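The values are calculated or read from the model by the stated rules, or taken from the named source; none is laboratory data. Quantities reported herein were computed from a predicted structural model and do not represent experimental measurements. No Cβ is skipped: glycine too gets one built from the backbone with ideal geometry, and neighbour counts run over all protein chains shown. Ligands, DNA and RNA are excluded from the accessible area calculation, which covers all protein heavy atoms including side chains. Shrake-Rupley method; radii C 1.70, N 1.55, O 1.52, S 1.80 Å.
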Amino acid sequence: MKQVFIKTYGCQMNERDTEALRALLKSRGYAINDDAHNADVILLNTCSIREQAETKAIGKLTSLLAQKKRHGTVLGILGCMAQRQGEKLQKRIPGIDFVIGTEKLHRVADYLDEHFTDVKAKPMSTIVDIASEKNSQNKISARDLRPHQVSTFVSIMQGCNMRCTYCIVPQTRGRERYRPMEDILEEIQQLSAHGIKEITLLGQIVNRYGQGEFPIIDKQSPFVQLLEKIQPLDGIERIRFMSPHPSGFGNDLIQCFGQLSKLCPHVHLPLQSASDRILRAMRRPYSRDQFRQIILRLREQIPDIALSTDIIVGFPSETEDDFNATLEFFEEISFDMAFIFQYSPRDGTPAALYEEQIPENTKAERQQKLLQLLEQHSHRHNQKLIGTTQSILVEGKARYGDTKFWGRNPGFHKIIFDGEEDLVGRFISVKIERASTTALLGKRIS
Ligand code: SAH
Ligand code: SF4
Ligand code: F3S
């Protein structure tokens, strides 16, 4: 049996794609091996979002090339960097075998089968398959759940029609394509039959699901209709989604937080910047005030709703005043969590050509300032939970200590407690005793 090692970079979509690929490969008689040294096939499912993401994958690749020379391993590059660079990647790094883009992952097993069974097959090193494919959003459906797995991602769409000036995703993932609602609901029912209790709906802009293609019914967007149809499904106890976009985060969606009991009280809403001038330059079609209004209305529904965001610092031409606007707004909103990125120019995006690029050290300083603020806010939010009892879905063993396990509360806070293996997959109650910036510690009470 041929052994396949797969390493995944990037976002949850890539993780979900890799899971489907693992399942597909297994069904075709391949074994998945966690040790690259024992593998006949090595696949890297890559990300292009920032320079660093590509550098990491290329570093790994370079070290794997030595192994390829020794053992004749097949080395395939998949995903967003494959899509973006195509055959340039093969030319740049000799030794790479096939390059397969984001819409063709389901073809990986076919190419491997041909390679291993057909002596007349085209040499692997000539395969670059980055074409787009109609209905590719429906081809990634297979599942490879771990024993006792309780939480999983469900990709409901692919692609992005926005054109944020810094972002490579529209090039790597193509135009928006939505899966039919019935397919998604059927998939979730099957997941529930396998013991899944928490699902996270995924899309580059998940709240744009079905827009322009599926009807609006009773003033409800297709995304809200989907949420309402998931709510009554037996066995599913928690619904989350990632990432919504501020534009299109309408009242219908805001009201769901007060009405759908399974919808978790946590929203990850990327802000990017709180300077209206920078938002315009980023081509983000909302203002700071519109973002604030969404947060206020969400807090009307659920006063202590957990909030997280993405911020880019050092976007071209960002002045101290622009940055201070972000800093002040960040202080005002007080997010529970945030990902704070230094702007990374991506070839082929408009912002990479803007003249006023910001020096690296300024980006680093701005990132540090926001991180310090975030630390204070996260700490404050976590402190407030001390003494409360939280319902936790137990995910697994914590990284340290033999008896430590972890899970998340509805607000997505990570909570660590003393437990045992058979709690995994169960809902338990934990009384919070201590809090740090990144985690909460508590005691199981039932
Ligand atoms: N579709 C989501 C974001 C997906 S990418 C949305 O629009 O909200 C995840 C995050 O990466 C983005 O929110 C942004 O903060 C960051 N990002 C994207 N391109 C970047 C770049 N060129 N440099 C730095 N960060 C970037
Ligand atoms: Fe990128 Fe903007 Fe699309 Fe998000 S909305 S994936 S940031 S282009
Ligand atoms: Fe990266 Fe592609 Fe996701 S660029 S962030 S893996 S969509």
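Of note:
- Cβ pairs under 7 Å, 6+ apart, first in region 47-65 and within 16 Å of F98 (Cα to Cα), second modelled with pLDDT of 95 or more and among the polar types (S, T, N, Q): A57/T46
- Within region 402-427, the residues that satisfy the criterion of being surrounded by fewer than 21 Cβ atoms within 10 Å (Cβ to Cβ), at negative phi and either part of a helix (DSSP H, G or I) or of a type in the set (F, W, Y) (or both) are W406, E421, D422, L423, F427.
- Filtering region 345-357 for residues that are modelled with pLDDT of 95 or more, under 29 Å from L263 (Cα atoms) and not in a loop (DSSP other than H, G, I, E, B) leaves an empty set.
- So R70, is it within 16 Å of ligand 2 (Cβ to nearest atom), assigned to a helix (DSSP H, G or I) and either at positive phi or among the basic types (K, R) (or both): no
- Residue within region 102-109 that is buried (at least 22 other Cβ atoms within 10 Å of the Cβ) and assigned to a helix (DSSP H, G or I) present: yes
- The single condition from (1) in a helix (DSSP H, G or I); (2) open to solvent by less than 40 Å² (accessible area, probe 1.4 Å) that I199 fails is (1).
- Taking residues in region 211-239 that are in a helix (DSSP H, G or I), and partners anywhere that are of a type in the set (G, A, S), the pairs with Cβ atoms closer than 6 Å and at least 6 places apart or on different chains are P222/G210.
- Residue-level check: of (1) within 13 Å of ligand 2 (Cβ to nearest atom); (2) closer than 16 Å to R16 by Cβ, R175 misses just (2).
- The residues listed here are L44, L78, L21; of these, the one that is crowded, with 22+ Cβ neighbours inside 10 Å, more than 12 Å from ligand 3 (Cβ to nearest atom) and not assigned by TED's automatic domain parsing to the domain that holds T152 is L21.
- Scanning region 20-55 for residues that are out of contact with any strand residue (DSSP E or B) (no Cβ under 8 Å at 6 or more places or on another chain) and either within 24 Å of I156 (Cβ to Cβ) or within 16 Å of ligand 2 (Cβ to nearest atom) (or both) turns up A20, A23, L24, S27, C47, S48, I49, E51.
- R28, sole failed condition from (1) more than 20 Å from R346 (Cα to Cα); (2) open to solvent by less than 70 Å² (accessible area, probe 1.4 Å); (3) in contact with a helix residue (DSSP H, G or I) (Cβ under 6 Å, 6 or more places away or on another chain): (2)
- For the residues I156, I188, I100, I168, the requirement of being within 16 Å of ligand 1 (Cβ to nearest atom), at pLDDT 95 or above, farther than 20 Å from Q211 by Cβ and of a type in the set (A, V, I, L, M, F, W, C) singles out I168.
- Among residues of region 1-18 being more than 12 Å from the chain's Cα centre (by Cα) and within 20 Å of D113 (Cβ to Cβ), the one that is farthest from ligand 2 (Cβ to nearest atom) is M1.
- Pick from region 58-75, criterion open to solvent by less than 20 Å² (accessible area, probe 1.4 Å) and under 27 Å from the mean Cα position of the chain (by Cα), ranking: nearest to Q137 (Cα to Cα): L75
- The residues in region 240-253 that are of a type outside the set (F, W, Y) and in a loop (DSSP other than H, G, I, E, B) can be counted, and the count is 7.
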